[in-house]
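Q: I am attaching a structure below and will ask some questions about it afterwards.
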Number of protein chains: 2
Amino acid sequence: MFKKLLTLKEAKQRIEKSLSPKPLGIERIPLKRAVGRVLAEDIISPLNVPPFHRSTVDGYAVIAEDTFHAQEDQPVILNLAGLVEAGAISGSELSKGSVLEIVTGAPLPTGSNAVVMIENTTQKDETILVFKPVAKGENIMEKGSDIHKDEIVLRKGDILSHREVGVVAALGLPHIRVFRKPRVGIISTGAEIMEIGKPLPPGKIYDINSYTLAAAVTEVGCMPISFGIARDHDINSLKSVLKKAIEKVDIVITSGGVSVGPKDIVPSIINTLGKPGLLVHGVAVKPGKPVAYAIVENKPVFLLPGNPTSALLIFHLIVRTVLLKLGGRSESLPTVLKAIITQRLFSARGRQTFIPVTVSKNDMDLSIASPAASGQSGSITTLAKADGYIELNANTQFLEAGTEVRVFLF
Amino acid sequence: MFKKLLTLKEAKQRIEKSLSPKPLGIERIPLKRAVGRVLAEDIISPLNVPPFHRSTVDGYAVIAEDTFHAQEDQPVILNLAGLVEAGAISGSELSKGSVLEIVTGAPLPTGSNAVVMIENTTQKDETILVFKPVAKGENIMEKGSDIHKDEIVLRKGDILSHREVGVVAALGLPHIRVFRKPRVGIISTGAEIMEIGKPLPPGKIYDINSYTLAAAVTEVGCMPISFGIARDHDINSLKSVLKKAIEKVDIVITSGGVSVGPKDIVPSIINTLGKPGLLVHGVAVKPGKPVAYAIVENKPVFLLPGNPTSALLIFHLIVRTVLLKLGGRSESLPTVLKAIITQRLFSARGRQTFIPVTVSKNDMDLSIASPAASGQSGSITTLAKADGYIELNANTQFLEAGTEVRVFLF
């Protein structure tokens, strides 16, 4: 009963070692649905952007040298030889002493090397008066100046925000290859757990973990699949739900049924389902000590504690990294805030201790952190109220009120 | 042609004034699909959480006073009178001198006021040896200690992350009322714009704005609906697309066709579609000066410039706030980073100037900001490479290299 527990670091290393270093797979999706997805390929431009010299203003395509003597009170007078429309084939040609009317985005006519803005001109019959000189290249966006043909514009692993989506659109690519979203099966266990939306019989509580975990899984870009509530007094039904989940999804997360009590049978069932089975069983952390981890049929299975705050903290500390990795995402560093604690905080002897805190500003505009709850780790509102957590290492007995600590923000 | 332009602030005030102060509407959705949505109601708890005094450990329910003399080498001996299972009806009763075996989450039997952890006991026949005293209330989570019946647990306007979803699940509520996602119609205009996925004829460029704007709209929690590309040389077709969009969606965003050129007809068409029509036409900013804004049939219509970087900057500066508001979201303050600029930056005379920059660290670990592009606002890669933007006010001629500036991060 007092076997030596793994430290969090050891547990994470063991988990890391058990996983394939590669994301789960690749799929081809329309660009329209790409926001938030992760590129599974380098994107190499098949073309120049823009594909031709392009006017960036409305005005007149000119030969820059023709305008060099233009002045506010002494305009240069040039012949209006026609019009270049946007979207037109770039076949026009410009000769010395002439201009062609041109609109924003239209291709520059051959022979021209600059565009005069319409604001700096006046039309008079078939001539244009130019009141301001332009330099060679002025008001032109050169062919390929934005993206060169064959340039690598985005890299495998890039996350597609609206800006990256724009780059792909510029290349005209309607589909891209992205990493497949990991499918994550979620099972709540416990004889006292009741499905939401039904009346609550005496002695029961509603299923919270299916919802928090599904939502947390969604937030890291994975696809949650709920397998409902398994009664942990019915070994056969629990076994069959676990088997079904392991068969259908990429990763399984259970909650409940992992402590030392007579009813805590999830870890022992897991070991009957396939090799290597349990790789982690118990970690020296508080809350969440009973957490376990297994590989069954090559699929990672996380066994989280039943109480919602513990389950979510373990999700943040251990599971999240794995989901990100299997989805091809690199883990971003947590945002850290320095804050002063308002009361003495104790660590659990010999265990790395995580305390959910709310952060606010005091009179002197310093950030202060207070525990989000009265220490009841079964509380669901604890995490809802918390802005982040503080970490006390296993050798720290307590931190005195007034100590400056690092708050890891959610 | 040189009419006085509105400042950005004036334009934003005028837009703000034209809008209903309320979000667009409310819908009832299943809790399973609630992540990222905005609550349209206060959530008041219909029950106590937990609904009964609950054991937080596996062990034995006791009368605390019975254990007060327990010591490591001199245990108290109590009668094992039965078992309380998790999920059981809380009907058991405990008498002095006895214990009832209890598992985590099970209801405390009547008469009991504490739970001894199994680790601090040994069973011997029908008695339990207790080696450590427990205080009254120890290892118990009291009825309603997490959430009181009738307590307001979440507020209208709260955004539902996995933590808030957990709170709603704890109350057993399978549905919630959230603000409806604004439907945003997106229209690209321009004779030179070509749909992606098709070969690119000479003189054309691919439609970027439909994709960047749809993605940006998605990112602020709205639902983009693409109305494709309208040829701006065909007044009737442009008019009919605009009418259709205004009829079908809540907000319309067009891009292109707003400058002073002969082909820039979107603003004039808008004025024929309904009152009050254009409320903003041109703003003293760079890039994005030609931006316009109208109300038609009570729907906001934003007319953005055609070039992708300008369109997105204006989206960030003006449109985003409106979409957030109509979706019931409060605007979060932009994340600001202090950085040193690497080169002299000029503002456009008389216009508030926004310069997309990339941020990196120099040898001395200081943040430095460099313009993301060579100043070509038609560039799509400019924004993809930028981490944020710098603002120069209309009266600043330039900022010297080495100046510390605020970078507004995307």
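The values are calculated or read from the model by the stated rules, or taken from the named source; none is laboratory data. Computed from a predicted model, the values in this text were never measured in an experiment. Reconstructed Cβ throughout: ideal geometry from the backbone, glycine too, with neighbour counts over all protein chains shown.
Q: Hey, can you tell me all the residues within the range A:288-310 that are small (Gly, Ala, Ser) and touching a Leu at 6+ places or on another chain (Cβ under 9 Å)? Full working, then the answer.
A: Step one: filter the range A:288-310 for residues small (Gly, Ala, Ser), giving A:288, A:292, A:294, A:306, A:310.
Answer for the range A:288-310, where residues must be small (Gly, Ala, Ser) and touching a Leu at 6+ places or on another chain (Cβ under 9 Å): A:288, A:292, A:294, A:310.
Q: Taking the range A:29-84 as the search range and keeping residues that are more than 9 Å from chain B (Cβ to nearest Cβ) and either aromatic (Phe, Trp, Tyr) or in contact with a Cys (Cβ under 8 Å, 6 or more places away or on another chain) (or both), which one is surrounded by the fewest Cβ atoms within 10 Å (Cβ to Cβ)?
A: Applying the filter and picking the extreme gives A:68.
Q: Here's something else I'd like to know. Being modelled with pLDDT of 95 or more and touching a Lys or Arg at 6+ places or on another chain (Cβ under 7 Å) narrows it down to one of B:15, B:77, B:26, B:44, so name that one.
A: On the way: B:15 fails: touching a Lys or Arg at 6+ places or on another chain (Cβ under 7 Å); B:77 fails: touching a Lys or Arg at 6+ places or on another chain (Cβ under 7 Å); B:44 fails: touching a Lys or Arg at 6+ places or on another chain (Cβ under 7 Å).
Among B:15, B:77, B:26, B:44, only B:26 is modelled with pLDDT of 95 or more and touching a Lys or Arg at 6+ places or on another chain (Cβ under 7 Å).
Q: Now for a different question. Could you check how many residues of the range A:176-217 are touching a helix residue (DSSP H, G or I) at 6+ places or on another chain (Cβ under 8 Å) and over 22 Å from residue B:107 (Cβ atoms)?
A: Total satisfying the criteria: 14.
Q: Within the range A:129-141, can you find the residues that are more than 14 Å from chain B (Cβ to nearest Cβ) and not in a loop (DSSP other than H, G, I, E, B)?
A: A:129, A:130
Q: Taking into account only those residues within the range A:100-120 that are in a strand (DSSP E or B) and within 11 Å of another protein chain (Cβ to nearest Cβ), which is nearest to residue A:75 (Cα to Cα)?
A: As a first pass, look at the range A:100-120 and keep what is in a strand (DSSP E or B): A:100-102, A:107, A:110, A:114-117.
So of that shortlist, the ones also within 11 Å of another protein chain (Cβ to nearest Cβ) come out as A:101-102, A:107, A:117.
Values: A:101: 17, A:102: 19, A:107: 26, A:117: 14 Å.
The residue in question is A:117.
For (1) at negative phi; (2) touching a Gly at 6+ places or on another chain (Cβ under 8 Å); (3) of a type outside the set (D, E, K, R), each residue gets a yes or a no:
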{"position": "A:60", "(1), (2), (3)": "yes, no, yes"}
{"position": "A:72", "(1), (2), (3)": "yes, no, no"}
{"position": "A:75", "(1), (2), (3)": "yes, no, yes"}
{"position": "A:84", "(1), (2), (3)": "yes, no, yes"}
{"position": "A:92", "(1), (2), (3)": "yes, yes, yes"}
{"position": "A:99", "(1), (2), (3)": "yes, no, yes"}
{"position": "A:105", "(1), (2), (3)": "no, yes, yes"}
{"position": "A:115", "(1), (2), (3)": "yes, yes, yes"}
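Q: Test of understanding: among A:12, A:32, which residue is within 29 Å of the chain's Cα centre (by Cα), among the basic types (Lys, Arg) and in the same structural domain as residue A:166 (by TED's automatic domain parsing)? Walk me through it before giving the result.
A: Working: A:12 fails: in the same structural domain as residue A:166 (by TED's automatic domain parsing).
After ruling out the rest, the residue left standing is A:32.
Q: For a quick check of your reading of the model, give me the residue pairs whose first member lies in the range A:203-227 and is on the phi > 0 side of the Ramachandran plot, whose second is among the hydrophobic types (A, V, I, L, M, F, W, C), with beta-carbon atoms closer than 6 Å and at least 6 apart or on different chains.
A: Close Cβ pairs satisfying both conditions: A:203/B:88; A:203/B:89.
Q: Among the residues of the range B:197-208, is there at least one that is more than 30 Å from residue A:357 (Cβ to Cβ), surrounded by 22 or more Cβ atoms within 10 Å (Cβ to Cβ) and in contact with a Lys or Arg (Cβ under 8 Å, 6 or more places away or on another chain)?
A: Within the range B:197-208, one or more residues are more than 30 Å from residue A:357 (Cβ to Cβ), surrounded by 22 or more Cβ atoms within 10 Å (Cβ to Cβ) and in contact with a Lys or Arg (Cβ under 8 Å, 6 or more places away or on another chain).
Q: Further, regarding this structure: Do you know which residues across the range B:363-387 are at pLDDT 90 or above and buried (at least 21 other Cβ atoms within 10 Å of the Cβ)?
A: Hit for the range B:363-387 is B:369, nothing else.
Q: Regarding residue B:14, is this residue among the basic types (Lys, Arg) and facing chain A (nearest Cβ under 10 Å)? First the steps, then the outcome.
A: Values: among the basic types (Lys, Arg): yes; facing chain A (nearest Cβ under 10 Å): no.
Considered against the rule, which asks whether it is among the basic types (Lys, Arg) and facing chain A (nearest Cβ under 10 Å), residue B:14 comes out as no.
Q: Can you name the helices (runs of 4 or more DSSP H) wholly within the range A:142-248 that have at least 3 residues being away from chain B (no Cβ under 11 Å)? Steps first, please.
A: Details: elements: A:162-170, A:209-219, A:235-248.
Those helices (runs of 4 or more DSSP H) span A:235-248.
Q: The conditions are (1) touching a residue at least 24 places away in the same chain (Cβ under 8 Å); (2) within 17 Å of residue A:31 (Cα to Cα); (3) of a type outside the set (Lys, Arg), and residue B:185 fails exactly one of them. Which is it?
A: (2)
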